[in-house]
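These notes are about the structure you will find just below.
The values are calculated or read from the model by the stated rules, or taken from the named source; none is laboratory data. From a predicted model like this one, the values you see are computed outputs, not experimental measurements. Methodologically, a virtual Cβ is constructed for each residue, glycine included, from the backbone with ideal geometry; neighbour enumeration extends over all protein chains shown.
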Amino acid sequence: MTSTLQKPAAAQAKAQAKPGIVAAIPEALRKLHPRHQLRSPVMFVVWVGSLLVTVFAVIEPSVFTVAVALWLGFTVLFANLAEAVAEGRGKAQADSLRKTKKDAVARLVDGDVVPGTELKIGDLVVVEAGEVIPGDGDVVEGIATVDESAITGESAPVIRESGGDRCAVTGGTTVLSDRIVVRITTRPGESFVDRMIALVEGAERQKTPNEIALTILLSTLTIIFLLAVVALQPFAIYSGGEQSVVVLTALLVCLIPTTIGALLSAIGIAGMDRLVQRNVLATSGKAVEAAGDIDTLLLDKTGTITWGNRRATEFIPVGPTSEEELVAAARLASLADDTPEGRSILELAGGRPATEQEKTGEFVPFTAQTRMSGIDLGERVIRKGAASAFELTDTAREVVDEISAQGGTPLVVAENGRVLGIIRLSDVVKPGMKERFAELRSMGIRTVMVTGDNPLTAKAIADEAGVDDFLAEAKPEDKMALIRKEQEGGRLVAMTGDGTNDAPALAQADVGVAMNTGTSAAKEAGNMVDLDSDPTKLIEIVEIGKQLLITRGALTTFSVANDLAKYFAILPAMFAAIYPALGQLNIMRLATPQSAILSAVIFNALVIVALIPLALKGVKYRPSSASALLRRNLLIYGLGGVVTPFAGIWLIDLLVRLVPGIG
Amino acid sequence: MSPLAAGLLQVGILVAALSVVYRPLGDHMARVFTAKRHLRVERVIYRIGRINPDSEQKWSTYAYGVLGFSFVGIVLLYVIQRAQSLLPFDFGRGNVPEGMAFNTAISFVANTNWQSYVPEVVMGHAVQMIGLTVQNFVSAAVGLAVAIALVRGFVRHQTDRLGNFWVDLVRGVTRILLPIAFLGAIVLIAFGVTMSLKSGVDVDGQTVANAPVAGQEVIKELGTNGGGVLNANSAHPFENPNEWTNLIEIFLILVIPVALTRTFGQLVGDKKQGYVLLGVMGVIWTAMLGVIWAAEANGIRPLEGKELRFGIPGSAIFADATTGTSTGAVNSLHDSYTGLGGGATLLNMLFGEMTPGGVGTGLYSILVMAIIAMFLAGLMVGRTPEYLGKKLGRREVTAAAVSILAMPTVLLIGAGIAAILPSTQAALNNPGEHGLSEILYAYASASNNNGSAFAGITVTSDWFQSSLGLCMLFGRFIPIIAVLALAGSLAAQKKVPVTAGTLPTTGPLFATLLTGSIVLVAALTFVPALALGPIAEALL
C-alpha cells in the first residue's frame, strides 16, 4: 500500500490509540463504582478492604496505617487502570469506525426518501455513483464499483453485482460508478459497522466460558484466604498477639490472587483487540477462545495453500530438442504474455527481459480460436498453447497425458510447427506452508486440504504442502459432512469460506472465518470476518486464541506463586513479637514489621502495573508440544513467580525503611 | 539390628507386600464394579431392599442414596447407643450420653472414627459389633462407591447414568471388604490379637478389659476407619501385640487406597493414569515418613509416648500411614511427638487425605485436585483445560472448588471459635503453641474424617462434641455431593480425542504438577495457622 492510500480502519485507530496510561486515569477513577467492582470478586474484596483500612486511617491516623490505606487504594486503581487502558484502545478504534457511519439518506425504489436509520429488512434502495450505501444488503439489480476502504482499508475499488458471490454490500461504503438496487438485510443499529463498533468498544463484552471458570477458581482461592486470615485472628488472640484490622487486611490483599484478578478483563479485551489489529472481527470472545482449542483446520487449496494461479514448474523437451532450445523458445513465446502463467514461464526461464532485437518481433496474442500465443521473429514462428491446438508426436502425447494425469496443465511449445517440448504448469504451494503445517502439527492441530481437484492431483499437492489429509472433488455438502464427522469425534473444527454455499459449513464449524469479499450469507453464518480476506489468517487466529488462554494461566500461576514470599515477609512481622523464633523466617531481613508489611503491599500493587503491558500484548507463544509449553511457562511464571517477590519486596523495603515512623 | 536397619527392613517388607497384592486386588476391584452378574446373597439383599440392581441412577439419585443411607445410619447408631442398656453384652455400662452418642454416630458413619469416649468404659460388645463395626464396613463401602461413580464420570460419555449406588455399596462389602476382613482377622488372631466376648481377662490378678478385638481390628484398618475397640487403640497389646501385627495393620491400612489407583487405571483404560497417581501419593507419603522418622529420632525424648515394642520406625511408619489415609488409628501418642514430627502428622491430614487417603475418598480427593491442577496447566498450554478426555469448564471447576473448600472452611471456623472460647483453656493439657497444635489437630482430624487424636485435649464438652460432630458431617458429605455432581457433568460430556496438543497426564511433568498443587494448596491455606502452632514449636 502506498502512502496515498487510506489505512485500514483498525491500523488507523491503532496509530491514534497508543495505550495512554494517563489518558485512561479518569476512566479508571470512574470504575471505582461498587457495581463495577462486583464484576471481579477478587478486586471487590480488595476494594472493601481498602475502604475498611481508610476508615481506620481516618480514625487513628499513623504513618503506617495511612500508607497501607493509600497503597490498597492504588491496588484497586491499578486494576481499573489496566482495564481502562485496554478499553481505551478499543474506544479509539470505535471512534474511527463511527466516522464512516455517515447519516446516509436512503432512496427507495418507489421514489420515497427516508433516513437510513428507518430502513426495514427487505426494503429496496437505489444507490448511484457518489452515494453512500445506507445499510447492509445484497445487490439485486445492476453492477457497480464500490469503495470499501472505510471498512477494509483496501483502496482499490471492488465490483459488486447482483447474483452470485459478489452481491454483498456494506452500509457506509461508497458507490463509485454505475447504479445498483440493494435489498436491505439488517435492521438499523445491527449493521456490520454497528456490530464492529460494539465489538471493539467492548460494550457488549460478556465473560467467556473459560473466563467464568477461571473466575470461579479465583473466587475459591479468595474464599480460602479470607478464611485463613479471618481464622488467624482467634489463633493470634489465643497466642496473646492480637492483630490490627489494618495488618490482617494487608495480609489478605497480599494473599488473594490480585495480580490475575486485576488483569483478567484487560487480557480478554486485549485478546479481541489483537484480532482487530489483524483486521479480523470476531462476533464473540467465545469464538476467540474456541480458536485456541481447534483440533482440525479445513483449508481451501486454491489461494490458501497454493497460489491462486498455476505456475510453470518444468520444461520437458521432446524429440531431438535440447533443454536450452526449449527454454529459449518458451521464453520468446512468453515475452509479451502478461498473464500470471506467462510471467511464471519467463521467471522459470531465467527472467531476462527482452532485448532490442527481440522487441522487433511481432507478438501474437492468445485467442479462443487459435488457443495459442507467441511471437514471429524474422523467420521464426514460435507458439505456445493448449495441447489440442498442436499436432503431437507419440512421445509428446505421452508427456502431455502424464502431466494431465498428475493434475498439472501441459503447455506445448512449437517452432515453425515442430513441437519442441512441453511446459508443465502446476499448482505451486506457497513458500513456508510446509513449516507452518509442521508447527500446527506440533500444536496438535490436524490440517485438511479441501479442493475440487481429482484425488490424484489433490494427493500430489497435499504431499507437497505437508497437510495431514485432503478432501478431493469436494462439494459444499462434502465439506459439511467432514465437519460433522470431525465434531462427532469430539474435535473442534475451523474453516474459512466466502460463498453462499459455504454458509452452512461456516455455521456448523466451531470457528468459521468468512472472507470480507464473501456474500452476506457467509458473513452472517461465520463467527469471524477477515477484512483482508486472507484465508491463511486462520493460523494466526488459532495462535491468538491460544495466547489468550496462556496469558490467563501464566498470570494466575504467577499470582499464586507470589504468595510464598509474602508469607515470609508478613508472618514473621506479625508474630515475631510473641514467638521470637518466628523471626528466623524473616529471610529477606526486612527492617521492621511495618516496613515488611508495607513493602509486601506495595509490591503487590506495583506488580499489577508492571504486568499491564504483558496482559495487553499477551504472553509470548511459540508453537510447540503441550508438555514443552507447560514446562516453559511453569518455569517462567511458576518459578519466576516464587523468586520475583523475594527480590521485589527486599528492594522496596530498602526504600520504605527510610520513611520516618515505619523504618 | 540397628533401629535404622530394622525400620528400613519394615518399610521394605511393607512395600514388597503392597506390590504383590497391587495388581490382583486392583484388577479384582475393577471387575467388582463392572461385573454384570449378581451373587446369590446380593440378590437376596436386593429383593429385601426392593432394589432393581440393573437400573442405573443419575448423579442426583446416586447422591440421595448416599445421603439417605448415611442419615439412616446416623439415626440407627444414635438409637443403639442411647438404648445400650436394653442390649446384651452391655456389662452395665449404661446408655451413652446424648452429646457423645451424637458425636459418635456421625463419627462412624462419616468414616472418621473420632472417639470422644473410652470404649472399655462406655461401649458394650453389642454396640461395638452391631453398631460401630457395621458402619466400619458400610462407611468404607460408601467411600468406594463414590470414587467409582467419579471414575465412571470419566469413563462414560453422553450419559446421565452413573451406576447404582445400592449395587456398588453391597458389592463393596460382599466382594471386597468382607472377604479381606475375614482372612485378615484370622491372620491377626494367629499373631496374637484377642477375640473374646468376655468383658475382661484376668492378668496377674488384675482385670484387663477385653473384647472381640480381631474381628473389629481388621476392618478398623482395612476400611481406614481407625476407631479402636480399646482406648489405647493400636498401642494396646490386645489390638496390636507385636511388630508383626503392627506391620500387618499398616499393610491393611494402605492396601485398598493404594490398589485403587490400579483399579482406576484399569477402568479408564490406561494403567499409566493410575500409576502416576500412585507415584504422587507415594512420593508425598515417603517424604512425610522421612520427616516424621527423622524428627522423632532426633527428638529430646525420642521414645516418649511410643511403645517400646514398635520403637521409633514402627511408630513413625504407623503414624504416617494412619494420618495419610484418614484412618486415625494410633500406636503411639502423637501429642508427645516433636514439634516437627507432630506437625508432619497434622500436615498429612491437611493435605486433604489423598496420600493415599481413605478407602475411596483418597482416590476421589486426588482426582479433584488433579482437575484443579489440569485446569491451570491447560490454560498454560493454550487450550480449554481437559483431563482424561473431559473438558474442565464452569460446572466442573465449580464442583471441584466446592469439594476442596469444604474441609478448610469447617476446620478453620471450628478451630477459630474453639481457640477463643474461655472453656478451651481448661480442656487443654498444654498452653501456648502446643495447645494450639492440639486444637488444630482435633479439628483437622474431624474435618478430614481422619479420627486420629493428638490427645492432650478433653473433647467431651457440649461444644466439642457438637462442633467436631458437625465438622465430620460437613467434611464428609459436602465433598461427596460435589464429587457426585462433578461425576454427573463429566459423564454428560463427549469424549475429547487425544491429539498431539493434549497435555499428557502420565509423565513426570504431570506428577510434579499434581504434587506441587497438593502441597501448595495445603501450605497456602494453613501456613498462617501452623505458624502459631507446630512451626513456632519446631523453630524454638
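Just a few scattered comments:
- Residue ranges of helices (runs of 4 or more DSSP H) in the stretch B:56-156 with at least 2 members of a type in the set (Gly, Ala, Ser), closer than 23 Å to B:Met29 by Cβ and out of contact with any strand residue (DSSP E or B) (no Cβ under 9 Å at 6 or more places or on another chain): B:59-82, B:133-155
- Residue selected from the stretch B:406-425 under the condition without any contact (Cβ under 8 Å) to a residue 12 or more places away in the chain and of a type in the set (A, V, I, L, M, F, W, C), by the criterion nearest to the other protein chains (Cβ to nearest Cβ): B:Ile420
- Residue match in the stretch A:155-167 (condition: more than 30 Å from B:Glu386 (Cβ to Cβ), surrounded by 22 or more Cβ atoms within 10 Å (Cβ to Cβ), outside the structural domain of A:Ala577 (by the TED database) and of a type in the set (Val, Ile, Thr)): no
- Residues that are surrounded by 16 or more Cβ atoms within 10 Å (Cβ to Cβ), over 40 Å from the mean Cα position of the chain (by Cα) and among the aliphatic types (A, V, I, L, M), drawn from the stretch A:630-663: A:Val656, A:Ile662
- A:Ile570 being more than 10 Å from chain B (Cβ to nearest Cβ) and within 25 Å of A:Val42 (Cα to Cα): no
- For the stretch B:209-222, a residue qualifies if it is in contact with an Asp or Glu (Cβ under 8 Å, 6 or more places away or on another chain) and modelled with pLDDT under 90, and the qualifying residues are B:Ala209, B:Ala211.
- Qualifying residue in the stretch B:435-454 (condition: at the interface with chain A (Cβ under 9 Å from one of its Cβ atoms), at negative phi and surrounded by fewer than 24 Cβ atoms within 10 Å (Cβ to Cβ)): yes
- Residue satisfying all of: in the stretch A:554-567; assigned to a helix (DSSP H, G or I) and in contact with a Gly (Cβ under 6 Å, 6 or more places away or on another chain); nearest to the other protein chains (Cβ to nearest Cβ) among these: A:Thr557
- Residue within the stretch A:505-526 that is within 14 Å of another protein chain (Cβ to nearest Cβ) and surrounded by fewer than 22 Cβ atoms within 10 Å (Cβ to Cβ) present: yes
- Subset of the stretch A:218-228 [over 17 Å from A:Leu582 (Cβ atoms) and touching a residue at least 12 places away in the same chain (Cβ under 8 Å)]: A:Leu218, A:Ser219, A:Leu221, A:Thr222, A:Phe225, A:Leu226
Quick grid of which residues meet (1) surrounded by 21 or more Cβ atoms within 10 Å (Cβ to Cβ); (2) closer than 27 Å to B:Val109 by Cα; (3) hydroxyl-bearing (Ser, Thr, Tyr); (4) modelled with pLDDT of 90 or more:
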position: B:Ser199; (1), (2), (3), (4): no, yes, yes, no
position: B:Thr224; (1), (2), (3), (4): yes, yes, yes, yes
position: B:Asn231; (1), (2), (3), (4): no, yes, no, no
position: B:Glu239; (1), (2), (3), (4): yes, yes, no, yes
position: B:Glu243; (1), (2), (3), (4): no, no, no, yes
position: B:Leu252; (1), (2), (3), (4): yes, yes, no, yes
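- When A:Thr186, A:Thr145, A:Thr215, A:Thr222 are checked against the criterion of being among the polar types (S, T, N, Q), in contact with a Pro (Cβ under 8 Å, 6 or more places away or on another chain) and surrounded by fewer than 21 Cβ atoms within 10 Å (Cβ to Cβ), a single residue qualifies: A:Thr145.
- Once the stretch B:363-401 is narrowed to residues that are among the charged types (D, E, K, R) and more than 7 Å from chain A (Cβ to nearest Cβ), the residue that is nearest to the chain's Cα centre (by Cα) is B:Glu396.
- In the stretch B:486-513, the residues that are more than 9 Å from chain A (Cβ to nearest Cβ), surrounded by fewer than 22 Cβ atoms within 10 Å (Cβ to Cβ) and in a helix (DSSP H, G or I): B:Ser489, B:Pro508, B:Ala511
- Pairs, first over 26 Å from A:Arg310 (Cβ atoms) in the stretch A:340-363, second exposed (fewer than 15 other Cβ atoms within 10 Å of the Cβ), C-beta under 9 Å, six or more apart: A:Thr360/A:Gly378; A:Glu362/A:Asp376
- Boolean, B:Pro237 is touching a Phe, Trp or Tyr at 6+ places or on another chain (Cβ under 9 Å), assigned to a loop (DSSP other than H, G, I, E, B) and within 19 Å of B:Gly328 (Cα to Cα): no
- Residue in the stretch A:533-552 that is crowded, with 22+ Cβ neighbours inside 10 Å, over 42 Å from the mean Cα position of the chain (by Cα), within 14 Å of chain B (Cβ to nearest Cβ) and modelled with pLDDT of 90 or more present: no
- Residue match in the stretch A:636-643 (condition: at pLDDT 95 or above and either touching a strand residue (DSSP E or B) at 6+ places or on another chain (Cβ under 8 Å) or away from chain B (no Cβ under 14 Å) (or both)): yes
- Count of residues meeting criterion [under 45 Å from the mean Cα position of the chain (by Cα) and of a type outside the set (S, T, N, Q)] in the stretch A:313-350: 21
- Of the helices (runs of 4 or more DSSP H) contained entirely in the stretch B:371-460, those carrying at least 2 residues that are β-branched (Val, Ile, Thr) fall at B:394-420.
- Residues of the stretch A:428-476 satisfying the condition of being crowded, with 20+ Cβ neighbours inside 10 Å, modelled with pLDDT of 80 or more and charged (D, E, K, R): A:Arg446
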